[in-house]
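See structure below.
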Amino acid sequence: MTIATDIPIPTDLKLSERQQDQSYQMAQAAAIAADGRKGENIVLLAIGEVSSLAEYFIIASGFSKSQVRAIAGMVEDELSEKFGRKPRNIAGEQDGTWVLLDYGDIIVHAMMTDEREYYDLEAFWGHAPKLEVFLPVAELEPSA
């Protein structure tokens, strides 16, 4: 699992204010869910700062069609369980190379690496701030 953290977190919005926003909480939960299915190069973009399309994009890579579907399925399950939200629209489930979950305020892109490289959403939306993903810390078992 890799999380893209090469760009500093913008300081224009205090982290505590952002953390209280449900869209941000959903975006973080989606990124964590993608990580739970071994999604790679997970990116969280604050797209709402440059567009009215959505507040956040979550982009994650999978290495097979079944993994891409599993990432999208895990995100859908987590957001339904934690926030009671279902996507407004789902695209690409049949093909499995790029599954898009549209929640209105957040949009999740689970993509095969070839599609991700070809469409290069990070470059297209390069003016949107890239945010840090806060993964839960795994508890270590005590040594015997």
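We did not get these values from a lab; they are worked out from the coordinates using the rules stated. The structure presented is a predicted model; accordingly, all values stated were derived computationally and were not measured. Every residue, glycine among them, receives a Cβ derived from its backbone with ideal geometry; neighbour counts consider all protein chains shown.
Available extension along the chain between GLN25 and LEU135 is 38.4 nm, counting 0.36 nm per residue and deducting the alpha carbon span.
Neighbours of LYS65 by Cβ distance under 12 Å: Lys/Arg scored +1, Asp/Glu scored -1, total -3.
Excluding ARG37 itself, what net charge comes from residues whose Cβ is under 14 Å from its Cβ, given Lys and Arg +1 and Asp and Glu -1? It would help to have the intermediate numbers written out before the result.
Details: positive: LYS38, LYS65, ARG69; negative: ASP35, GLU40, GLU76, ASP77, GLU78.
Charge balance in the 14 Å sphere: -2.
For segment 22-131, the antiparallel share of DSSP beta bridges with both residues in that region comes to about 65%.
Counting Lys +1, Arg +1, Asp -1, Glu -1, what net charge surrounds ILE47 among other residues with beta carbon under 12 Å of its beta carbon? Don't skip to the end; give the middle numbers.
On the way: positive: LYS130; negative: GLU49, GLU55, ASP105, GLU122.
Computed value for this residue: -3.
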